[in-house]
1. List every residue pair whose Cβ atoms lie under 6 Å apart, where the two residues are 6 or more positions apart in sequence or sit on different chains, the first residue falls within the stretch 34-63 and is free of Cβ contacts under 8 Å to residues at least 24 places away in the same chain, and the second residue, located anywhere, is surrounded by 10 or more Cβ atoms within 10 Å (Cβ to Cβ) and in a helix (DSSP H, G or I).
2. Among all residue pairs at least 6 apart or on different chains, which show Cβ distances below 9 Å where the first residue, located in the stretch 73-93, is under 14 Å from Phe105 (Cα atoms) and the second is exposed (fewer than 10 other Cβ atoms within 10 Å of the Cβ) and of a type in the set (Asp, Glu)?
3. Checking Lys68 against (1) at pLDDT 95 or above; (2) surrounded by fewer than 10 Cβ atoms within 10 Å (Cβ to Cβ): exactly one of these is not met. Which one?
4. Confirm whether Ala5 is of a type in the set (A, V, I, L, M, F, W, C), at pLDDT below 80, surrounded by 10 or more Cβ atoms within 10 Å (Cβ to Cβ) and in contact with a Gly (Cβ under 8 Å, 6 or more places away or on another chain).
5. Out of the residues in the stretch 72-92 that are of a type in the set (Asp, Glu) and in a helix (DSSP H, G or I), state the one that is modelled with the highest pLDDT.
Amino acid sequence: MASSATPSSAGAAPNPKKSMKMLIVNAKKHKHSFVQFFAMTGILLLSVRSLGQKYRIHDLEGDTSALKQEQESLTQRMSKIKSSLLHEASLDTTGLLASRLRLLFDEQD
């Protein structure tokens, strides 16, 4: 007894060539929808990338602010150390240490 089942019956595996052909036919039939879908996908991807860049810029601005504060702190600290060294050098009676420090700091008295 021979089976009269066709390849498109529920028990048979779908033909890959036929499914690809149907996909192309559907794409041609609904070309406007596919173009719109790809355009919207592109816009979505650009938006996600832009949002990521926005947060990166925000983080970099925070880093810039922290670095500026650290630079100001270091500048003040260097100034205090410099003035402290000059003060200690001025207590020296010979004046050699003070003159050497002024040469190092490019200061004139």
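The values are calculated or read from the model by the stated rules, or taken from the named source; none is laboratory data. Quantities reported herein were computed from a predicted structural model and do not represent experimental measurements. Cβ atoms come from the backbone with ideal geometry, glycine included; neighbour counts cover every protein chain shown.
1. Final answer for the pair search is Phe34/Ala27.
2. none
3. (2)
4. So Ala5 passes the test.
5. Step one: of the stretch 72-92, the residues of a type in the set (Asp, Glu) are 72, 88, 92.
Next cut, in a helix (DSSP H, G or I) only: 72, 88.
On the way: Glu72: 97, Glu88: 87.
Here the answer is Glu72.
Quick grid of which residues meet (1) hydrophobic (A, V, I, L, M, F, W, C); (2) outside any helix (DSSP H, G or I):
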position: Gly62; (1), (2): no, no
position: Glu70; (1), (2): no, no
position: Thr94; (1), (2): no, yes
position: Leu103; (1), (2): yes, no
